[in-house]
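FYI, it's all coordinate maths here, none of it is from the lab. What you see is a predicted model; the values in this text were computed from it and never measured. Neighbour counts are summed over all protein chains in view; Cβ atoms, including those assigned to glycine, are modelled from backbone coordinates with ideal geometry.
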Amino acid sequence: MNLKPLPRIITAAAFDTLHDDPAAWREVLQAIAAEHSPDPVRQMTEGTVLVGLVGQRLVLKLYPPFLRDHFEFEQAALARLSGQLSIPTPTLVAAGERDGWPYLVMTQLAGTALSTVWPALAEARKCALLSALGALAAEVHALPVGELMRLAPPWPDFLQTQRARCHARQQRTGLPAHLLVRLDAFLQGELPAGPTVILTGEYTPMNLLVQRDRLAGMFDFGDGLAGPREYDWLGPLCFLAAGNSARREAFMAGYGASLDASRRLALLRLLLLHRYSNLPAQIAHPGWQQARSFEDLAALIWP
């Protein structure tokens, strides 16, 4: 088969266009997958890279050249986490490169996405899952960071980059105007600080699997970092706790920590500086846009 080669240089905008046109990358994904399995490939259009499910056993992830750092971090994270946690994570099967685009082949996990079942769960079950999720995050944070420290940007550098982009990002993603004018001053306050841990950034319902209402798997570590533990609290406390104090307490109890008023403000600053900060998409609490100040917002979403 004579395949059209992948572009060795591609911009983020051009990659987004390619990503949204599955027919344009179907054959190259099938060709790579055929080197590792005879099973058919089903393309997945979610996510930030090109992904294919290979039969019922494997997953293929193909990264554009400008996300090589994500490839390297995920490759190392898969090795670090595999077999070390109370729930499964994918096992690395192979790594390679096609036309300057790195790829990983890993095992496919069983289960249903938590985002699919969450709305229908009873409140007690939601709290139980959040408690288990807190305990899972604590398990990961107890592991040695190892070579992941070298593969992640230094935390101060990461924060500096995010600060420089924050105002424009929050304006673009729809932070209410009355909060936007206070943003720069608010960001001058304290941020979470503490021991450096492995930050998977993936304690979100889209990257967690459940079976019989129990956590059954976690995947997708390409955008991980190394820094203070609070960064990984943001997903569960925004997407899942959603302003519910019982859910918030369940997660924090599972983790073995507390969230007082001063820590809430530091956590909100970190949310604003998050790599993918987008408050309208991340805060699952109706009417949060009417909060008069960031202090009121923190009290609303983490009561």
Neighbouring Cβ atoms within 10 Å as the yardstick, rank 199, 273, 3 fewest first. 3, 273, 199
Structure-based [θ]222 nm, the chain - -39500 (n - 2.57) summed over DSSP H runs of at least 4, per residue, nearest 500: -11500 deg cm²/dmol
Using the scaling law 2.2 N^0.38 Å as the reference, what is the normalised Cα Rg of the chain? 1.02
Points 7 angstrom from Cα along the Cβ direction at residue 245 and residue 161: gap in nanometres? 3.9 nm
With label points built 7 Å along Cα→Cβ from the Cα atoms of residue 284 and residue 115, find their separation and express it in nm. 1.0 nm
Any idea how far apart residue 95 and residue 177 come out in nm if each label point goes 7 Å out from Cα toward Cβ? 4.9 nm
Taking the Cβ of each residue in 264, 212 as the centre, tally the other Cβ atoms inside 10 Å and list the residues starting with the fewest. 212, 264
Bin all alpha-carbon pair distances of the stretch 12-107 at 10 Å intervals from 0 and give each bin's fraction as a whole percent. 16, 49, 30, 5
Taking the chain as a Gaussian network, Cα atoms linked when under 10 Å apart, which of 54, 105, 181 shows the biggest mean-square fluctuation? 181
Can you pull out the GluC sites (Glu not before Pro) in the stretch 1-91 that DSSP calls coil and that have at most 15 other Cβ atoms within 10 Å? 35, 46
